[in-house]
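The values are calculated or read from the model by the stated rules, or taken from the named source; none is laboratory data. Computed from a prediction, not measured in an experiment: that's the story for all the values here. Glycine also receives a Cβ, built like all others from the backbone with ideal geometry; neighbour counts cover every protein chain displayed. What goes into the accessible areas is simple: the full protein's heavy atoms, side chains included, and nothing from ligands, DNA or RNA. Shrake-Rupley method; radii C 1.70, N 1.55, O 1.52, S 1.80 Å.
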Amino acid sequence: MKELLMPECPLILAIESSCDDTSLAVLSGKKVLSNIVASQSIHEEYGGVFPELAARAHQENIIPTLELALKKANVSLKDLHAIAFTQGPGLVGSLLVANAFAKSLSMALKIPLIGVNHLKGHILAHLLEDSKEEKSSNLPKKDEEIFPFLCLLISGGHTQLIWVETPENMRLLGETQDDAAGECFDKIGKMLGLTYPAGPWIDKWAQKGDPHKFTFPQPKMEGFHFSFSGLKTAFLYFIQAQTKNNSDFIAHHLADICASIQHTIVEILYKKTKAALQETGVKKLTISGGVAANSGVRQKFESLTKEQIEVNFPEKKYCTDNAAMIGMAAYYQFLNKDFTDLSAPSYARVNY
Ligand code: KG4
Ligand code: ZN
């Protein structure tokens, strides 16, 4: 191992391969020098991610994506201070590609290896700074001003409310007991014949529709837990009943259907989050994960600012899976010298 340098702004190469996007990013401290995402369109025809194909595509994409990320950041491998990779949760075959690649680089370059919890990456993504914002008059916030906060993490695999005391200390308050919010968008989109992932398509159609045209049931869950499987089933019965009488029902009402289902999902998320804010008394909220890119989610939660709640979203490009957010979580681990052993496994599931 090279003598460990502890620069204030370490140069970290981060690698994300937990699902179907191969992404590599270079960060200088919290600043994103590059963030390249190679998406895999191969899964579209299956209506979901095909794990074996995802792992193979990561293997094909990882070297060209690394080359692009280094070039865009204008750095070379020998400049780096650490290599970060997503250790879990995710598809193990996919995770192992970044795991092995990161270990090889760490060994060859003799620099530390940092295994990152993908969920922590999502939770800290709003702290990423763009390098072009250098001239901005807004000074970056100090950690004392950022933490603690409440996080609503809404992605394809997770729907959780998390108490974030510090980057190292996070506590799960509640989570979905069945489907995740993103999964609900995707499964409902599939019933409507929309391409996977359907969340962004429902968002797009919803903007032209009436959110109160159709009414769907909302679950009654204990504490801060969520549930989306009942809504999914109710939606299936609704579509079956409507198309029985009118085979063109979906085509004629797509915008109103999308607006109404999106409205219901947003209401479920909002009510629980509001209850958690009231119970914890916390005044700072971050909404993160792929579904945080949804325009209905953004509009509804931004209204909380009128109630003196500070509401933060990552930029849209940092909501869905990306390596920059893995670099963000790795930056805090680097400061704490929280490094990872070369024997580190990949995990399908991870707790805080
Ligand atoms: O965070 P992410 O990229 O991957 C996971 O870690 O799961 O989230 C992907 C999920 C997918 O379910 C996708 O449909 C959803 O985020 N999503 C959206 C939007 N953009 C992505 N859902 C609703 N509206 C969007 N604009
Ligand atoms: Zn994710």
TODO: Could you check the simple spin-label distance between residue 315 and residue 341, using points 7 Å along Cα→Cβ, in nm with one decimal?
DONE: 3.8
Open item on the list: Suppose the chain between residue 244 and residue 104 were pulled fully straight at 0.36 nm per residue; how much longer would it get relative to their current alpha carbon spacing?
Closed with: 44.7 nm
Task: Relative contact order of the chain, pairs being alpha-carbon contacts under 8 Å that are 6 or more residues apart, as % - done: 24
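Over the chain, average the accessible area per residue using a 1.4 Å probe and give it in Å², no decimals. Could the numbers behind the result be given before it?
Details: 16380 Å² over 352 residues.
On a per-residue basis, 47 Å².
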- [ ] Mind jotting down the distance between the C-alpha centroids of region 188-203 and region 300-334, whole Å?
- [x] 24
Open item on the list: Heavy atoms only, 1.4 Å probe, whole protein assembly: order 298, 171 by accessible area, highest first.
Closed with: 171, 298
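Net charge near residue 338, counting Lys/Arg +1 and Asp/Glu -1 over other residues with Cβ under 13 Å of its Cβ?
On the way: positive: 120, 337; negative: 168, 341.
Once positives and negatives cancel, what remains is 0.
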Task: Expected 222 nm ellipticity per residue - DSSP helices of 4 or more, -39500 (n - 2.57), all of the chain, to 500 - done: -13000 deg cm²/dmol
- [ ] Would you list, by chain and number, the lysines whose Cα falls below 21 Å from the Cα of residue 204, excluding same-chain residues fewer than 8 positions away?
- [x] 187, 190, 213, 232, 300, 316, 317
- [ ] Filter the trypsin sites (Lys or Arg not before Pro) in region 189-279 to those in DSSP coil with at most 16 other Cβ atoms within 10 Å of their Cβ, and list the result.
- [x] 208, 213, 220
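Using a probe of 1.4 angstrom, how much of the accessible area of the chain is carbon and sulfur, in percent? Let's see the in-between values first.
Values: 8440 of 16380 Å².
The value for the chain is 52 percent carbon and sulfur by accessible area.
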Open item on the list: Looking at the chain as a GNM with Cα springs under 10 Å, which of 88, 290, 174 has the largest mean-square fluctuation?
Closed with: 174
- [ ] Report the residues of region 254-270 in range of a label on residue 221: point 7 Å along Cα→C-beta, backbone N strictly under 14 Å from it.
- [x] 265-270
Open item on the list: So for region 214-352, averaging the separation of alpha carbon pairs under 8 Å that are six or more residues apart and normalising by length, what relative contact order in percent results?
Closed with: 19
Open item on the list: I'd like the Karplus ³J(HN,Hα) series for region 269-274: coefficients 6.51, -1.76, 1.60, θ = phi - 60°, whole numbers in Hz, and an x wherever there's a Gly or Pro.
Closed with: 5, 5, 4, 5, 5, 4
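Relative contact order of region 1-65: what whole-number percent is it, with Cα pairs under 8 angstrom and at least 6 residues apart? Write out the running numbers ahead of the final one.
Details: 84 pairs, mean separation 18.1, N = 65.
Across region 1-65, relative contact order equals 28 percent.
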- [ ] Would you please give the FRET efficiency between residue 302 and residue 178, computed as 1/(1 + (r/R0)^6) with r the Cβ-Cβ distance and R0 = 25 Å, to the nearest 0.05?
- [x] 0.35
- [ ] Counting other Cβ atoms within 10 Å, keep those with at most 13, restrict to DSSP loop, and tell me which GluC sites (Glu not before Pro) in region 1-100 are left.
- [x] 3, 8
TODO: Run the 1.4 Å probe and let me know the accessible area of residue 347, rounded to the nearest 10 Å².
DONE: 100
TODO: Can you spot the lysines whose alpha carbon is less than 19 Å from residue 103's alpha carbon? Ignore those fewer than 8 places along the same chain.
DONE: 2, 78, 337
